[in-house]
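Only the coordinates and a few stated rules stand behind these numbers; no lab work does. Computed from a predicted structure; not experimentally measured. Positions of Cβ are generated from backbone atoms using ideal geometry, with glycine treated the same way; all protein chains shown enter the neighbour counts.
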There are 2 protein chains.
Amino acid sequence: MTVLINNLCVIGTGLIGGSFCLSLKQAGACRHIVGAGRSEATLQKALQLDIIDHYETDIELAVKDADVVFVSVPLGAMASVFKQIKTGLNKAGNSKAVVTDAGSSKQQVVQLAAEIFDANDGDAKNGRSEDGVVEGEFGACRFVAGHPIAGTENSGPEAAFAELYKDRRVILTPSADTDADAITLVTELWQATGAMVETMDAAHHDKVLAATSHLPHILAFGLVHCLENMDDIENVFRFAAGGFRDVTRIASSDPVMWRDICLNNQKPILEMMQRYRDELDMLYNALESGDGEKLKEIFEHAKKTRDKFTH
Amino acid sequence: MTVLINNLCVIGTGLIGGSFCLSLKQAGACRHIVGAGRSEATLQKALQLDIIDHYETDIELAVKDADVVFVSVPLGAMASVFKQIKTGLNKAGNSKAVVTDAGSSKQQVVQLAAEIFDANDGDAKNGRSEDGVVEGEFGACRFVAGHPIAGTENSGPEAAFAELYKDRRVILTPSADTDADAITLVTELWQATGAMVETMDAAHHDKVLAATSHLPHILAFGLVHCLENMDDIENVFRFAAGGFRDVTRIASSDPVMWRDICLNNQKPILEMMQRYRDELDMLYNALESGDGEKLKEIFEHAKKTRDKFTH
């Protein structure tokens, strides 16, 4: 495998960031990986598991020599992390780094990156061009928004594994002014993990993911939560079969991450939830009126669609 | 393994009935299996796959020498099948057979069995006792209602396998007047398949299953159906990850079977659907008002509950 970069900095070394590191190491695509993040215990664990070669608790220090900075933190931490990355890169005079992320919703991330990386925050002294980019400073045009469509319900460095991205899709949502070389480099890194890379408009990404990922997660969390307060709940779960376990598997996902995804992709998710409530009302009314034909028709359609798209 | 019975008659030789046959054969628990059912093609397939030793398309003929009749047909076909069983057993003077079923909802089945097996339908000429049971005729007291908490999204004889019931729970819901020997025999047969047998009140069964099985199936069918009409649906499914596939697996289940389950367990299911609609409204309102704390709290509770009961 070709070495693509010398220094990778990964901020957030859990399932997503850790698996990115492990697969790039296995592929020989980068020479050195620095981990950074809020929790030193997590970083120590990542070091111990050979996910990273070194760590810094200070993001500003961690990014200074980075060719690529990979941000895999919950969406709610993104703004603060972006600010520290910017300060770190600018202090080190590293304006050539490429920054990318793995956030599950993209419009807000793209907007944050534009605001933070191109902001005139007082540090910029000269050379600011009309679009707000300062010569010699890290600018949003070198930020490539991305989202790997992969994961498990587990989290933390212990959950990371090198094959997570193999044959999975990664969606990049670059803006019109994103640097073409930066897009190419991020694409090549993802391909080195075994993933298939596609490019999409951020708004379209958010709509598609609201339907296929965010809504299902909310429904699963909601299902477990709505059963929680039933009488005799121990018994109820004792008789739960494989179907229940499958439907609710993703209700074991990280609550903070999913709170952030919901808040970040609020509008598309609310639209999908409304759509689903209408569907549920229709099913309720069909069952209440004993309309077996209607129920059968809905079930048949669903089965046909699912069988078609998953086989 | 001990031989428990000589002749088993299985009506409906698909996933549930076929797997029952295969596991009893493997255990050596019965000597001869006759299959019966509506579709001769299915019966031929079951014969070819060594699920049954022989078949009859006429249920009246199929049951005549049976020690045990196992009914695994969709709930909507139960009444008609029970009537044919009764006629067949009475014509053959086989009042000692035990009849059991595998229906996913139990109150209506128990009621049907009581009505049909103990009915004075004109054939009965004499000996009818106060409770409607005719001496020498098959009576409802030899019917044992049952439900194996096992299955896959696949159906038909090809989907059957001997290990389906291994370490799975089977719930029996006998009535107060069900014959104790009949309960024992059905229990032993299920144990021979590797299942764990428990007894429960039919109404309680229906409530528990509405929560852990029927509601999740309806939610999964509804999820796929509500996405079906989205623009760009091909793309939407292309980006569906493992979570989506898991949540919707059971939407590939048999539509007729699930229509019948819904109609048969209408009231408990409607109650659970109402409960779930309230949950979804709460989640919708929390997200609409940007209440991250509330979302996180619900997700945390759900994760904790699921982790506790599934590990």
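Data overview
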read-out: Per-copy distances of the A:Ala92 label point, shortest first, in nm (7 angstrom along Cα→Cβ); value: 8.2
read-out: Under Karplus coefficients 6.51, -1.76 and 1.60, residue-wise ³J(HN,Hα) of segment B:215-230 in Hz, glycine/proline x; value: 4, x, 5, 4, 4, 6, 4, x, 5, 5, 5, 6, 8, 3, 8, 5
read-out: Amide H within-cut-off set for B:Thr199, under 5 Å, with H built and near neighbours excluded; value: B:Leu172
read-out: Label 7 Å beyond Cα on the Cβ vector: A:Lys308 copy-to-copy distances, nm; value: 4.3
read-out: Dimensions (Å) - the protein assembly as shown, Cα atoms, principal axes, largest first; value: 109, 45, 39
read-out: Residue (of B:Ala192, B:Val224, B:Gln111) at the positive-pole extreme of chain B, dipole from beta-carbon charges; value: B:Ala192
read-out: Within 10 Å of each Cβ in B:26-38, the average number of Cβ atoms from other chains; value: 0
read-out: Number of partner chain Cβ atoms within 10 Å, mean per residue of B:153-162; value: 1
read-out: Hull shadow area, averaged, segment A:174-241 [alpha-carbon convex hull, nm²]; value: 7.5
read-out: Overall form of segment A:139-196 per C-alpha gyration tensor (a/c, 1.5; a/b vs b/c); value: prolate
read-out: Long-range amide H partners of B:Val99 with built H, under 5 Å; value: B:Val69, B:Phe143, B:Val144
read-out: Mean Cα-pair separation over length for segment B:5-200, i.e. relative contact order, pairs under 8 Å, 6 or more apart, %; value: 24
read-out: Set A:Lys64/A:Lys267; A:Lys294/B:Lys308; A:Lys294/B:Lys296; B:Lys64/B:Lys106; A:Lys166/B:Lys207; A:Lys294/B:Lys207 screened for pairs whose C-alpha atoms are more than 32 Å apart; value: A:Lys64/A:Lys267; A:Lys294/B:Lys308; A:Lys294/B:Lys296; A:Lys166/B:Lys207
read-out: 0 to 90° range, to nearest 10: angle between helix B:180-192 axis and chain B longest Cα axis; value: 60
read-out: Dimensions (Å) - chain A, Cα atoms, principal axes, largest first; value: 72, 45, 37
read-out: Segment B:203-311: radius of gyration and largest Cα-Cα distance (Dmax), Å; value: 15.9, 44
read-out: Phi to ³J(HN,Hα) by Karplus 6.51 cos²θ - 1.76 cosθ + 1.60 over segment B:193-207, Hz, x for Gly, Pro; value: 7, x, 7, 9, 9, 10, 10, 8, 5, 4, 5, 5, 3, 5, 6
read-out: Phi to ³J(HN,Hα) by Karplus 6.51 cos²θ - 1.76 cosθ + 1.60 over segment B:95-101, Hz, x for Gly, Pro; value: 8, 9, 4, 10, 10, 9, 9
read-out: Ascending list, in nanometres, of distances separating the B:Met196 label from those of the other copies (7 Å, Cα toward Cβ); value: 4.2
read-out: Long-range amide H partners of A:Val10 with built H, under 5 Å; value: A:Val34, A:Gly35, A:Ala36, A:Phe70
